[in-house]
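Heads up: the structure comes next, in structure tokens.
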Amino acid sequence: MAEDISTIISNTEFTRLRQSAIEKLKVVLQESLFFSFRGGLFKADAQTLSFVKLLYKYNQPIVLIDTQEEVIDIEYPDTFINTLLETYYKATNQYLTDYKRIKEYRRKEDFVS
């Protein structure tokens, strides 16, 4: 019975550590999505990408309000879109790599090493 309780406690601690690691990973992902361009600070997310690609597709001028509420005229849309995609892919691929590594952990000690 005592062994069962210690196993339950150990499993609970492990689950808590895994969830905590994943939550920290999500924060790192969100921070990694930011990039600067022409003096503005932007977030490389699906919303920004979709909006910019839509404007680009219809040959519309790309004028964006960045995360600091500054108006930025994107004079070089190809460069902006490439930077946006590169930032997004780099951040999400790193997140995926780290997430898979965390999901493979099977012991509390794995989180320390």
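The values are calculated or read from the model by the stated rules, or taken from the named source; none is laboratory data. This is a predicted model, so every value here is computed, not measured. Reconstructed Cβ throughout: ideal geometry from the backbone, glycine too, with neighbour counts over all protein chains shown.
Of the residues in segment 25-42, how many are more than 15 Å from GLU69 (Cα to Cα) and either at pLDDT below 95 or of a type outside the set (Lys, Arg) (or both)?
Final tally of qualifying residues: 8.
Tell me, which residue of segment 31-47 that is assigned to a helix (DSSP H, G or I) and surrounded by fewer than 16 Cβ atoms within 10 Å (Cβ to Cβ) is farthest from the chain's Cα centre (by Cα)?
Ranking the qualifying residues of segment 31-47, first place goes to GLN47.
Please tell me if LEU54 is surrounded by fewer than 16 Cβ atoms within 10 Å (Cβ to Cβ), closer than 29 Å to PHE14 by Cα and aliphatic (A, V, I, L, M).
no
Hey, among GLU104, GLU69, which residue is over 30 Å from ASN11 (Cα atoms), of a type in the set (D, E, K, R) and surrounded by fewer than 16 Cβ atoms within 10 Å (Cβ to Cβ)?
GLU69
Assigned to a helix (DSSP H, G or I) and under 28 Å from ARG107 (Cβ atoms): does that describe VAL28?
Considered against the rule, which asks whether it is assigned to a helix (DSSP H, G or I) and under 28 Å from ARG107 (Cβ atoms), VAL28 comes out as yes.
Restricting attention to segment 48-67, does a residue exist that is at pLDDT 95 or above, part of a loop (DSSP other than H, G, I, E, B) and not charged (D, E, K, R)?
yes
How many residues are without any contact (Cβ under 8 Å) to a residue 60 or more places away in the chain and buried (at least 16 other Cβ atoms within 10 Å of the Cβ) when one looks only at segment 77-98?
7
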